[in-house]
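K.L.:
The structure that follows is given in the form of structure tokens.
Throughout, read-outs are computed from the coordinates displayed, never taken from laboratory work. None of these values were measured; they are calculated from a predicted model. Cβ sites come from the backbone with ideal geometry, for glycine too, and all protein chains shown count toward neighbours.
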Amino acid sequence: MSELRRAICARIDQASAMCARLSGAFLCAAILCAALNALLRFGAHITSAATLELQSYLFSAVFLLSAAHVLHLGLHIRIDVLHARLSTRTQQRIMLIGHMFFTIPLCVALIITSAQFAWRSYVSQETSINVGGLLLWPAKILIPLSFCLILLQALAELMRPSDGQQG
């Protein structure tokens, strides 16, 4: 693999790993937020739309931001019963076809549609319908961002040598 391709793959892998670490911090924050919500609700009989929504946003961010790293590690969903029985070469062909005809086109379509969705929310400063709710665009912008990361990771996986090595 050329040095430029190797460097590009390494940068994409680093970005995916960084987002996965960030999602770990979001998970910790979501757990603390859930604990705070429980304490407020059952201890002081207080509910807050903002903290409930923040908990939901953080939990969503965990999955959206770690998906690309899951793809890099090869832990994404596949039919393992069949996959394990196939030769390495056949597994690589399936991965190639899957990325070229499913992952990449799906990511492009979702980036285009969700970016418009997030942009409209940002421009209008859309907020939750709940009293005291949060702005919606920070959560909505995670959707195109996550699919951009998945798209980049899929391209990096396609640029790797076919001997199964990971950058």
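K.L.:
Give me the distance between the Cα centres of region 35-77 and region 89-166, rounded to whole Å.
P.N.:
Result: 19 Å between the Cα centres.
K.L.:
Moving on to the next point. Top mean-square fluctuation among S114, S146, S128, Gaussian network model of the chain, C-alpha springs under 10 Å?
P.N.:
S128
K.L.:
What number results when the radius of gyration of region 3-159, computed over Cα atoms, is divided by 2.2 N^0.38 Å? Before the final figure, lay out each step's value.
P.N.:
On the way: Rg = 19.0 Å, N = 157, 2.2 N^0.38 = 15.0 Å.
Ratio of Rg to 2.2 N^0.38 Å for region 3-159: 1.27.
K.L.:
Related question: Arranged from highest to lowest average of other beta-carbon atoms within 10 Å per residue, in what order do the peptides 64-74, 130-140 appear?
P.N.:
On the way: 64-74: 20.3, 130-140: 15.8.
The densest-packed peptide leads the list: 64-74, 130-140.
K.L.:
Take each uninterrupted DSSP H stretch in the chain, measure its Cα extent along the helix axis, and return the ones at 24 Å or beyond whose mean Kyte-Doolittle hydropathy is at least 1.6.
P.N.:
Values: long enough: 3-43 (59 Å, 0.94); 49-73 (36 Å, 1.27); 104-124 (30 Å, 1.20); 142-159 (25 Å, 2.06).
For the chain, where a helix must reach 24 Å along its axis and average at least 1.6, the hits are 142-159.
K.L.:
So for region 3-159, taking the charge dipole from beta-carbon charges (+1 Lys/Arg, -1 Asp/Glu), which of T47, G98, A118 sits furthest toward the positive end?
P.N.:
Farthest along the dipole direction, towards plus: G98.
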